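Note sheet for the following structure.
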């Protein structure tokens, strides 16, 4: 009787060992299959290339629904904190950025008129930084910074390369000094219908002596 019981116990143990082995093999097979499926899905997602997106505008909003960035081919004019609309003066395409109030704070654009490429940074009320490159072969360019009524500018154009600082009254420093304006530049200031406006525009870029020689010496 005892011997028969021992045989049955031994048989049960052998069967349990066999079942554990089968279960382990089955689990490993399932794990391998899952890893294979996951790997295939990841590889497919990585290799998948989306078709090009062709559209007129992409608008990015934050969690509050406020526009924070706008990428477009015909961008709108800027709206300042006081509700004033700042005209761009020309159609522009590129990227605009906005702050938490939805006010435009800068952009990276190209203008339709003049074909200038520009990077701008604005306060909530006015432009503060301008980096611009002209389309001509001479690669005219300028970097201008404002604060209050004063500004400083690094400019390279057909007249030469120079550093110019100015305030509300006009140029306070220019290095090197442009003593005489080329005729083409002088003519552009003369063509401004309002002579006083022409003088103010000139005074913001060149010394009083250079502007007087240009505008008063015709």
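No lab work stands behind these numbers, since they all come straight from the coordinates. Keep in mind the model is a prediction, meaning the values are calculated, not measured. No Cβ is skipped: glycine too gets one built from the backbone with ideal geometry, and neighbour counts run over all protein chains shown.
Structure values in brief
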read-out: Gain on full stretching of the segment that runs from residue 125 to residue 159 - 0.36 nm per residue minus C-alpha separation; value: 9.0 nm
read-out: Coarse-grained scattering of the stretch 150-218 at q = 0.26, 0.27, 0.29 Å⁻¹, given as base-10 log I(q)/I(0) from a Debye sum over alpha-carbon atoms; value: -1.26, -1.32, -1.43
read-out: Fully extended contour minus Cα-Cα distance, from residue 136 to residue 175, at 0.36 nm per residue; value: 11.6 nm
read-out: Overall form of the stretch 51-135 per C-alpha gyration tensor (a/c, 1.5; a/b vs b/c); value: oblate
read-out: Sorted peptide list for 150-156, 204-210, criterion being average Cβ within 10 angstrom, highest first; value: 204-210, 150-156
read-out: Approximate spin-label separation residue 110-residue 34, in nm, with each point projected 7 Å along Cα-to-Cβ; value: 5.2 nm
read-out: Listed peptides 65-76, 186-197 by packing density, highest first (mean Cβ within 10 Å); value: 65-76, 186-197
